[in-house]
Each structure stands twice: as C-alpha cells, then as structure tokens.
Amino acid sequence: MIRRSEIASILKEPKIGDQVTVMGWVRAFRNNRFIALNDGSTAGNLQIVVDPDQLPEEVLKQISFHACVKATGQLVESQGAGQSVEVVAETLEILGGNNLEQYPLQPKRQTMEFLRDKAHFRMRTNTFSSVFRVRHAIAYAVHKYYNDRGYYYLHTPIITGSDAEGAGEMFQVTTLPIGDPPRTEDGSINWKEDFFGKATNLTVSGQLQGEIGALALGKIYTFGPTFRAENSNTTRHLSEFWMIEPEVAFNDIEDNMDLAQDFVQYLINYVLENYLEDLEFLDQRIQQAEKNLPQDKRRPMGLIEMLRFVVDNDFERITYTEAINVLRRSKPFKKGKFEFEPQWGSDLQAEHERFLVEKHFKKPVIVRDYPKAFKAFYMRLNDQQEGVPGETVAAMDVLFPFIGEVIGGSQREDRYDVLLRRIEEMDIPEEELWWYLELRKFGGAPHSGFGLGFERMVQFITGMTNIRDVIPFPRAPKTAEF
RNA sequence: GCCUCAGUAGCUCAGCUGGUUAGAGCGGCGGACUGUUAAUCCGUAGGUCGUAGGUUCGAGCCCUACCUGAGGCGCCA
C-alpha cells in the first residue's frame, strides 16, 4: 500500500512532480472536476483535479460534500488562482460515501447553536477544526512552558473526600442505591457504607493537594478536569472544564502575578508562532460575522492584532481599593450607568470589570488585595494598609476583555494560627482540613499559586464567543449528549 | 436560579391591524457544464407553524401553562 501523505506536509513543502496518495473529506466539488480535500492536518485544503470522463459514473456521483475519498496522482503547480499546487488524480476511491439527503451539515455558514447539536460532525467544519487544533496547541504549550522551567506535573485526585474546597457546588460520587440508601439510626444516609467509606465528590480544584506537591517538589502544576455543579447558564461557564493550577513554594503575590502574566503571554505567543494559519481563518471569520453589527458592538481590534497586543504589553496591576476609586471617579458611575454601585466591601460586578478592562485601561488587568469577606479561607491575610478601609487578602484576579476572569489566585496563608482562625471564622469543618493545616505546622513555607480556566483561554485565543464551542463535548446544565 | 428575547421546510429567515390554497434564499433531488474557488445555469420536491389547552365565525399571528434554545446577570475558572 502506498503511504499516505498528509495535506499539511504537502502544502508546507510541496515536491512538484511527486506521486502522492491523500485521504480526506470533500469540502467542495466544483465543476465536476475540482475537489477541495481536507484531512484535518491543517486548515488548508488540497485541490484534487479529476477527469470526469475517466471516472466511472458511479464514483463521480459519490464525490459529495463530506464524503471520504482517497486519491492518488501527481502533484503539479496549479493553473487556478486559489491555490499554488494541486493533485491530478489518476485513481480515486470512495472510502466513505455520504448520503446528503440525510446529512445535516451544509457547505455554508451554519449557526453555532445548530452545530452544537451535531457535535459528532462539527469538527469537520473549518471553524471547529481550527478551534480544536488551537486547543491542542495551547494544551501542549502549557506542558512545554512548565517543563522547560523545572515544574513538575502533579496529578491531583478527581474524586475527592473533602467538601471544604470552597469553590462551589459539587457533584456527588456514590455507589449507594439512590432510591434506597442505607440509613443510620437517626435516618440520615450512612456514608460509611458507601464505596469509599465516606461521602465523596468530583473535584472542584486541585489546589489544596497541589500545595502538598509545592511544599515538597518546589514548583508543580496540575492540568486536569474540574467539576462544578453550579446551575450556570452563561457563555463562559461549564460544568466540566479543564483547569491549570501552578503552585510554587517561596513565591509571594508579586511572583505569582509575574508568573501569571508570563505564562499567559507564552501560551498566546506559542499559538501565534505555530498555528497562525488557523488564527488567520478565525480572525477572518469574526470580521465576517461582525460586518453586520453596528460599529459600537464590534471588537476594537482584530483577533490577531489583539493577541499581539496582549503579548507585547504588561498587564495593568491595581489593588481592589484602587479599582473601587477608579470606578467611583468614572463617567459611567457619575452618570448612573452602573447597575451596581462600586463600593468598598462589595465584590466587583461584571460591569465593573468590563469597564476597567475594556474602557479604562484597555488591556488585561490584574486586581489584587480584595476584602477578605468574599474570598476563600486559604488566602493570606494582608497587613493593615493605610487608606484601606478594611482587612484584605493577597488574592489576585486576572481580567481579560470579553471573557472576564481568566485567572484567580493568591498567596496562601502559611501561618498556622491565622489559617485556623479564618477556618473557624468561616465555619469550615476543621476536621476535613487536618492535613492542610499540618502542612503549616510542619515545615511550612510561603507559597502562591493560581487557577487558569483552560477553556476561557481557548476562548480568548480563538475568539469564540461561547465556551461550549471550544470544548469537544460540552457538559453544562441539561447538556450531556455525546 | 433570575431577567429579556426567540421557536414557521433539512438550514437561515419573511409572513402586515387575526381573514381563502404559508413564502424566499441556501441545501437536497434530476439535468447541463474541460479550470472551478461558498462554481454557475435550468428544473423539481419539501411544512400537524415547539407542545397542550383556551379566546374567536375564523389563530402562524391573541391569552395561559409547559418544553427547548439564545443573550444578559449571579456563582466562578
């Protein structure tokens, strides 16, 4: 059998005159003569030229949209304007015919909502194949970034016995019969009889275990699935998503912010350098879509232009207290345009974050030192600062245009007594965190880390507006098909 | 979970203040085409108008409930 050539390598280094065999799916069949073939290896198509007189009628008829074909022939310079090379087919074989009377996709612009219901076919479209190539590129770049810098990839558990992680509602994991679970004498469910001998859930974060790693290996990162049972119906939440969580011993909040910026810029840069063709396609796609929008609804910059801008400029860094001041001095506040009043002690609303990022600073913004009241128990309590009305913690959120919070992190509370006090203050069951507390008791160290929402990063880099379109098989409320 | 909007052909949509046989483009199917670029041209078949009730002489259009989807907000990554 002749070896298959991938279209990516043919287009990258075309060897004119070579005999090649290609296999792929038909994107278009024009003039009974020209096949635009795509095999997923690249955004580009390879044109296959067939002679309709040389092909059996039966084969010719089966060359149709998204049918799978194998073609062998000589690679020649193209006479047409749309491509530089093409294959003149000597043989053409149908590997998988397509029944267009029943096939849902069409060679035209389809809505994202429609394609979402056809997740088994949507990856064959230009848009989704580009999105998923870029998704892969970012995942690879994550590992490369940390490996090259001496971090260890730590696998934290997916099933967790702790419900004190403090990051929202959890999915319960159980093998007990849900209709008739064993009961204790007082009638409550007897979790001792469950598979693990206790109540267990799917993880909402690998951070607490990540800290165990950091306090031994120095620098670790996790990259795994994360589950939140929140009834979130937005374009930037999933019930099952992937999160990257670096955790670094001896890093303070400043180091943490440096890492966050450097890491994110690296990821974007990696895609710009290695998957520019896909980005160009996605960029054009957005510009096409925005043609119909009024000027003020359009993006201020093209996709690639924006990515380069983020790579080339430092993120703005401000404290929460400064952010509130900026907001209270802002035009929209004075004109009463905010639905919620920016006020020290209340969390920043989406409208506030968007103003800071998109209107005021016009670049990614890192907000730090939030009031302790609405942040997690494990964040390090700051010393009282002048001009700050209340107690704050060394938290930091990285805010991006369009998608908001991409990173949430902090310096961790490493002082045993302070941590214990906070756990008590917030009514968190101390006995579940015994090992977490012991990390502070026995050879503790200052350390910091953050969580990067992987899909949000993919969303930002691809410009996709709905997070469900950057994960192959989205899990969201009422959504678990495929 | 809350708010807003939407559900009419396979897809995207039009359908006037309620009034006869519900339209278009794309796609499909049949045909033409030896240099096409979302190819083009000719012809043709597709619809219990989201579901269930109700108002009315008469409902795609009005009312009620439910279902589904989208967007915004909250929760956060």
Restricting the search to the range A:241-288, which residues are surrounded by 18 or more Cβ atoms within 10 Å (Cβ to Cβ) and outside any helix (DSSP H, G or I)? A:241, A:242, A:243, A:244, A:245, A:246, A:247, A:248, A:249, A:251, A:275
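Yes/no per residue for (1) within 14 Å of RNA strand B (Cβ to nearest atom); (2) acidic (Asp, Glu); (3) open to solvent by less than 50 Å² (accessible area, probe 1.4 Å):
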{"site": "A:291", "(1), (2), (3)": "yes, no, no"}
{"site": "A:298", "(1), (2), (3)": "no, no, no"}
{"site": "A:311", "(1), (2), (3)": "no, no, yes"}
{"site": "A:314", "(1), (2), (3)": "no, yes, no"}
{"site": "A:342", "(1), (2), (3)": "yes, no, yes"}
{"site": "A:351", "(1), (2), (3)": "yes, yes, yes"}
Any residue that is more than 10 Å from RNA strand B (Cβ to nearest atom), β-branched (Val, Ile, Thr) and under 30 Å from residue A:465 (Cα atoms) - is there at least one of those in the range A:377-391? no
Condition test on residue A:398, is it touching a residue at least 40 places away in the same chain (Cβ under 8 Å), out of contact with any Leu (no Cβ under 7 Å at 6 or more places or on another chain), within 10 Å of RNA strand B (Cβ to nearest atom) and assigned to a strand (DSSP E or B)? yes
Between a first residue in the range A:341-359 that is touching a residue at least 40 places away in the same chain (Cβ under 8 Å) and on the phi > 0 side of the Ramachandran plot and a second residue that is open to solvent by 30 Å² or more (accessible area, probe 1.4 Å) and more than 7 Å from RNA strand B (Cβ to nearest atom), which pairs have beta carbons less than 7 Å apart while being 6 or more apart in sequence or on different chains? A:345/A:373
Go through the range A:34-67 residue by residue and tally those that are near RNA strand B (Cβ under 8 Å from one of its atoms) and part of a helix (DSSP H, G or I). 1
Could you give every pair whose Cβ atoms fall below 8 Å, whose first residue belongs to the range A:96-114 and is modelled with pLDDT under 90, and whose second residue is near RNA strand B (Cβ under 8 Å from one of its atoms) and charged (D, E, K, R), counting only separations of at least 6 or pairs across chains? A:107/A:27
Taking the range A:368-392 on its own, how many of its residues are within 18 Å of residue A:428 (Cβ to Cβ), aromatic (Phe, Trp, Tyr) and part of a strand (DSSP E or B)? 0
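For residues in the range A:72-131 being among the basic types (Lys, Arg), open to solvent by 70 Å² or more (accessible area, probe 1.4 Å) and near RNA strand B (Cβ under 8 Å from one of its atoms), which is farthest from the chain's Cα centre (by Cα)?
Start the filter on the range A:72-131 by keeping residues that are among the basic types (Lys, Arg), which leaves A:108-109, A:116, A:118, A:122, A:124.
Adding the requirement that they be open to solvent by 70 Å² or more (accessible area, probe 1.4 Å) leaves A:108-109, A:124.
Cutting the leftovers down to near RNA strand B (Cβ under 8 Å from one of its atoms) gives us A:108-109.
On the way: A:108: 27, A:109: 24 Å.
The qualifying residue farthest from the chain's Cα centre (by Cα) is A:108.
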Kindly list the number of the only condition in (1) under 26 Å from residue A:276 (Cβ atoms); (2) crowded, with 16+ Cβ neighbours inside 10 Å that fails for residue A:50. (1)
Over the range A:175-201, the set of residues among the charged types (D, E, K, R) and outside any loop (DSSP other than H, G, I, E, B) is A:183, A:192, A:193
From the list A:438, A:432, which residue is open to solvent by 20 Å² or more (accessible area, probe 1.4 Å), more than 9 Å from RNA strand B (Cβ to nearest atom), in a helix (DSSP H, G or I) and at pLDDT 95 or above? A:438
Residue A:333 vs. criteria in a helix (DSSP H, G or I), touching a residue at least 24 places away in the same chain (Cβ under 8 Å) and open to solvent by 50 Å² or more (accessible area, probe 1.4 Å): no
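The values are calculated or read from the model by the stated rules, or taken from the named source; none is laboratory data. None of the values given here were measured: they were computed from a predicted structure. We place every Cβ from the backbone using ideal geometry, glycine too, and count neighbours over all the protein chains shown. The accessibility values were calculated without ligands, DNA or RNA, using every heavy atom of the protein model including side chains. Shrake-Rupley method; radii C 1.70, N 1.55, O 1.52, S 1.80 Å.
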